[in-house]
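First the structure, in the form of structure tokens, and then the observations on it.
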Amino acid sequence: MGKILCFIYEEMVDFEMTLACHLLNREIVCIAYEKQVIKSKSGIWYYPMATVKDALDFTDVEALIIPGGFNDEQRPELTELIQNLNNKSILLAAICAGTQYLARAGVLQGRMYTTVLTKEKLRKVFPMALDDPFPRESYINKNVVKDQNIVTALGNAFVDFAVEILDYFKLFKEEKEKQDMSNHYKCLISFSPSVNALKDNSSDIAKLES
């Protein structure tokens, strides 16, 4: 199994990505522009294992996850990383305002996607932004959208975001199992996961349910 990259930055909304990271049962590598402590919106501190520039040389990446947060600094190395991964059809998953990074990298062109950043909200949150980077003609008003190797979601849809990422890796045996997991983490049903992704974590899940 390869690396799951998580791009972290100041004031990121970390809860939007942590469920997905927990369920994937893969190597998680946090990356940032600099190797220095990052404070999330929750107040939890993170330390990146590598820089975004370092990640450009990784050869075993399976996905890039970008959480939300109203920080619009996009350096050339992040754009390059996003474009390189997209060219290889590697999963790009962004939630809430994290979708802005995919938009600025140009990978949403011709792809269906969702975002919290409507034109009005974009102007309000980022008043200094001169251009709208989103291709509005392919915007879909849904909680989560998967189009080929790109998954996008609204911030409050972090459960469905995590489930769609698992589904991308074909970790559900059937659609009902996928829906049951989503409902379980929304406290709608009790769920005993048989999904392949959780086989090593099933005892932990059982403890939580008991």
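The one condition from (1) assigned by TED's automatic domain parsing to the domain that holds Ala93; (2) in contact with a Phe, Trp or Tyr (Cβ under 8 Å, 6 or more places away or on another chain); (3) modelled with pLDDT of 90 or more that Val125 does not meet is (3). Considering segment 128-163, the residues that are touching a residue at least 40 places away in the same chain (Cβ under 8 Å) and out of contact with any helix residue (DSSP H, G or I) (no Cβ under 8 Å at 6 or more places or on another chain) include one that is nearest to Ala93 (Cα to Cα), namely Gln148. Taking the listed residues Phe172, Phe134, Phe161, the one that is assigned to a loop (DSSP other than H, G, I, E, B), at pLDDT 90 or above and buried (at least 21 other Cβ atoms within 10 Å of the Cβ) is Phe134, with no other qualifying. Within segment 52-100, being in a loop (DSSP other than H, G, I, E, B) and touching a strand residue (DSSP E or B) at 6+ places or on another chain (Cβ under 8 Å) holds for Phe58, Asp60, Pro67, Gly68, Ile90. Of all residues in segment 82-100, those that are in contact (Cβ under 8 Å) with a residue 40 or more places away in the chain and crowded, with 24+ Cβ neighbours inside 10 Å total 8. Confirm whether Ile31 is in contact with an Asp or Glu (Cβ under 9 Å, 6 or more places away or on another chain), surrounded by 17 or more Cβ atoms within 10 Å (Cβ to Cβ), aliphatic (A, V, I, L, M) and within 26 Å of Phe134 (Cβ to Cβ). Yes; evaluated as a whole, the condition is true for this residue.
Residues in segment 80-99 that are polar (S, T, N, Q) and in contact with a Phe, Trp or Tyr (Cβ under 8 Å, 6 or more places away or on another chain): Thr99 alone.
When restricted to residues that are at pLDDT 95 or above and among the small types (Gly, Ala, Ser), segment 1-39 contains 2. Taken over segment 139-179, the criterion of being charged (D, E, K, R) and farther than 17 Å from Tyr113 by Cβ is satisfied by Lys170, Lys173, Glu174, Glu175, Lys176, Glu177, Lys178.
The number of residues in segment 28-64 that are of a type outside the set (Asp, Glu) and in contact with a Leu (Cβ under 7 Å, 6 or more places away or on another chain) comes to 8.
The values are calculated or read from the model by the stated rules, or taken from the named source; none is laboratory data. All of these numbers come straight from a predicted model, not from anything done at the bench. Please note: Cβ atoms are built from the backbone with ideal geometry, for glycine as well, and neighbour counts cover all protein chains shown.
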